[in-house]
Amino acid sequence: MKEAVKGRRERLRVAAAQAGQRLDRFLVAALDGVSRRTVKTALDAGRVHLDGRPATRAGMILQGGEEICLTLDVACSSGVAVTPAAQIKEIYRDAWLMAVDKPAGLLCHDDGAGGSHALAQAAALCDPAGTDGGPYLLHRLDTGTSGLLLLARQRQAAVDLGHQFARREVRKIYLALVAGRPRDSFEVDWALQPGRGGRMKIVAGEGGWNACTSFRVLQRGPDMALVEARPHTGRTHQIRVHLAASGFPLLGDTLYGGSSVVTSGQTRIAIARPLLHSRQLTFRHPASSEIMTLEAGAPDDFRRVLELFPAEDQGCHLLK
């Protein structure tokens, strides 16, 4: 699939916990699929604004609390077709936050092309009265990743939850369908940095950003497995790269060597996207301090592949 280049507009807030970072490294870590070269191009062109003023120095040290607005030229094709008709499903909502189930193929936020995205759909679900300008997107999922997405409905809730994400206090659990026969459990602690063509790559020795993920096999199928992934850091494509580098690429993840077709006997299933699903988030409620755990059942493309697994346990308890 040929990649077209277009403008991608972003607005970011630097959390207090991120003070001391270089501007370019902060942007690369915060933005999915964006290389340091792309960020440098935007800086040189005067398309990065820090608190309303142009920022041109890649090595500028952030103080925390800054608002960054920028426009990037990025390849818009990731091998997953954007599906404008796809709709989020509300999972939870109160006066402070909401959680939705994002379908694969739907963007998390505006990419500058004017199409539908999860943030706009969430805003349409909310009564605008008392939302203090929200909802605010607290984290991102790749376009091809389905599942749980958390948003804040009030500014103070966004600050509190944003700090929880920045301090890595939010526990994230993903479901992944992978090729091969991985060990029952394993951990990958390999640093990452941007590569070519929107890919991330493993870095040996010094350099790169630390990235750690724990994996546990939940069910085995014919030369494939349903795996639980717990990322301890939040790097771009972290789970995808760690699995592929371990020899167990996500089914459908053609960017990292995964197959777009699953075959078992006479059954052949075409896979249109990387089979990764945001299953569960655990966090502290910004108003009550109650520990909350929210879940999203896996979608139909997961279920179709799981039907190939042994009949006694097809992971159905995970897909509610």
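Name the residues of segment 38-73 whose amide N is less than 15 Å from a point 7 angstrom out from the Cα of Ala19 along the C-beta direction?
The answer is 61-67, whose backbone nitrogens lie closer than 15 Å to the label point.
Exactly which trypsin sites (Lys or Arg not before Pro) in segment 148-257 are in a DSSP loop and have at most 15 other Cβ atoms within 10 Å?
Qualifying residues, ordered by number: Arg167, Arg168, Arg183, Arg196.
Could you pull out every residue, at least 5 positions away or on a different chain, whose amide H is within less than 5 Å of the one on Thr233? Hs are placed 1.01 Å off N in the peptide plane, and Pro or chain starts have none.
Correct list: Cys212.
Once amide H atoms are built 1.01 Å from N in the peptide plane, which residues 5 or more positions from Tyr92, or in another chain, come under 5 Å H to H?
Ala99
Tell me the Kirkwood radius of segment 121-243: reciprocal of the mean inverse pair distance over distinct alpha-carbon atoms, in Å.
Roughly 16.5 Å, rounded to one decimal.
Using θ = phi - 60° and the Karplus curve 6.51 cos²θ - 1.76 cosθ + 1.60, what whole-Hz ³J(HN,Hα) does each residue of segment 55-70 get, with Gly and Pro shown as x?
10, 10, 9, 4, x, 4, 8, 7, 9, x, x, 5, 9, 10, 10, 8
Under the definition of Cα pairs under 8 Å and six or more residues apart, what whole-number percent is the relative contact order of segment 5-75? Mind dumping the intermediate values first?
On the way: 129 pairs, mean separation 37.0, N = 71.
RCO, segment 5-75: 52 percent.
Measure nothing but the geometry: give the 0 to 90° angle between the long axis through the Cα atoms of 155-166 and the longest principal axis through the Cα atoms of the chain, rounded to 10°.
The answer is roughly 60 degrees.
Give the span of segment 5-75's Cα atoms along each principal axis, as three whole-Å numbers ordered largest to smallest.
33, 23, 19
Only counting other Cβ atoms within 10 Å, I'd like Glu90, Glu228, Glu290 sorted with the fewest neighbours first.
Values: Glu90 13, Glu228 17, Glu290 9.
Taking fewest neighbouring Cβ atoms as first place, the list is Glu290, Glu90, Glu228.
Each residue of segment 13-22 in order: what ³J(HN,Hα) in whole Hz does its phi give by Karplus 6.51 cos²θ - 1.76 cosθ + 1.60, θ = phi - 60°, with x for Gly and Pro?
Once θ is set to phi - 60°, the couplings for segment 13-22 become 10, 7, 6, 4, 5, 9, 4, x, 7, 5 Hz.
Which whole-number percent gives the relative contact order of the chain, counting Cα pairs below 8 Å spaced six or more residues apart? Before the final figure, lay out each step's value.
Working: 721 pairs, mean separation 50.0, N = 320.
Once normalised by length, the contact order is 16 percent.
Most exposed first by the Cβ proxy, i.e. fewest other Cβ within 10 Å, how do Leu255, Leu275 rank?
By the 10 Å Cβ count, ascending: Leu255, Leu275.
What's the tally of Lys pairs in the chain whose alpha-carbon atoms lie under 27 angstrom apart, where the two lysines are 8 or more places apart or on different chains?
15
By the gyration tensor of its Cα atoms, with a ≥ b ≥ c the square roots of the eigenvalues, what is the shape of segment 179-319: rounded for a/c under 1.5, prolate for a/b over b/c, or oblate?
The shape class here is oblate.
Take the alpha carbon gyration tensor of the chain, find the square roots of its eigenvalues, order them as a ≥ b ≥ c, and report rounded if a/c is under 1.5; if not, report prolate when a/b exceeds b/c, else oblate. Please list the in-between numbers first.
On the way: a/c = 1.63, a/b = 1.32, b/c = 1.23.
Note, shape of the chain comes out prolate.
For Lys201 and Ala245 in the same chain, what is the full-extension length gain: residue separation times 0.36 nm, less their Cα-Cα distance, in nm?
That pair, Lys201 and Ala245, stretches by 15.0 nm at full extension.
For Ala191, what residues show an amide H to amide H distance below 5 Å, using hydrogens built from the backbone and excluding near sequence neighbours?
Close amide H contacts, sequence-distant or interchain: Val203, Ala211.
Could you give the dipole magnitude of the chain about its Cα centre, charging the beta-carbon of Lys and Arg +1 and that of Asp and Glu -1, in debye to the nearest 20?
Once rounded to the nearest 20, the dipole reads 720 debye.
Read-outs: derived from the displayed coordinates by stated rules, not from any lab. In this text the structure is predicted, and so the values were computed from the model without any measurement. Glycine gets a Cβ as well: all are built from the backbone with ideal geometry, and neighbour counts include every protein chain shown.
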